[in-house]
């Protein structure tokens with residue numbers, strides 16, 4: 001008797017399923033089925049479809065060991081994620097130690113500056129990516145990418161572009177704060 005995992009992938013009103021011997025394989029199949037379904041509906045533009053094809057041609061998901069469920073890329077990312085998190089947790093930097101006692105909801109806290117100081121001290125990059133399209137309620141959205149490999153992305157939303165940037169920085173600080181708890 002083999003275990004079979006089933007996963008549902010839901011996007012808006014569309015639902016697809018996937019099955020596999022592991023959760024990862026089931027998720028991958030469900031996501032692939034959703035991509036096929038959305039492509040058939042022409043929800044994905046031809047430009048995006050071409051980008052997906054180019055990405056697939058890179059074959060970065062090619063398996064090293066046919067019996068293994070893990071790809072070369074996943075192994076690399078896993079090692080880098082663990083190293084990044086271990087470095088954060090074991091660091092005795094002044095900003096990271098101070099971050100443990102800071103109230104991130106304090107409106108007077110300059111989250112973007114604090115995040116930049118931590119990035120400089122820990123030697124990682126911070127990139128803000130404002131999203132041009134506003135939400136249904138008129139809010140602006142902003143992503144902040146902290147580190148380059150592994151990539152960690154946090155999301156912020158607010159009534160203005162600048163406040164959305166601050167909110168994304170606050171969420172990134174919250175992420176770092178949680179990762180540094182000892």
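The values are calculated or read from the model by the stated rules, or taken from the named source; none is laboratory data. Predicted model, so just to flag it, every value in this text is computed and none were measured. So basically every Cβ, Gly included, is an ideal-geometry build from the backbone, and we count neighbours across all protein chains shown.
Candidates 172, 158: the one that is over 21 Å from residue 83 (Cα atoms) and in contact with a strand residue (DSSP E or B) (Cβ under 9 Å, 6 or more places away or on another chain) is 158. When 83, 42, 54 are checked against the criterion of being loosely packed, with under 13 Cβ neighbours inside 10 Å and modelled with pLDDT of 65 or more, a single residue qualifies: 83.
Within region 86-128, track down each residue that is under 19 Å from residue 162 (Cα atoms), in a helix (DSSP H, G or I) and either at pLDDT below 90 or within 20 Å of the chain's Cα centre (by Cα) (or both). Walk me through how you get there before you give the answer.
Just the residues of region 86-128 that are under 19 Å from residue 162 (Cα atoms), to begin with: 104-117, 126-128.
Checking the rest, the ones that are also in a helix (DSSP H, G or I) come to 111-117.
Residues satisfying the conditions are 111, 112, 115, 116.
Okay, residues lined up against (1) in the same structural domain as residue 97 (by the TED database); (2) modelled with pLDDT of 85 or more; (3) over 22 Å from residue 96 (Cα atoms); (4) surrounded by 17 or more Cβ atoms within 10 Å (Cβ to Cβ):
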{"residue": "130", "(1), (2), (3), (4)": "yes, yes, yes, no"}
{"residue": "144", "(1), (2), (3), (4)": "yes, yes, no, yes"}
{"residue": "159", "(1), (2), (3), (4)": "yes, yes, yes, no"}
{"residue": "164", "(1), (2), (3), (4)": "yes, yes, yes, yes"}
{"residue": "168", "(1), (2), (3), (4)": "yes, yes, no, yes"}
{"residue": "173", "(1), (2), (3), (4)": "yes, yes, no, yes"}
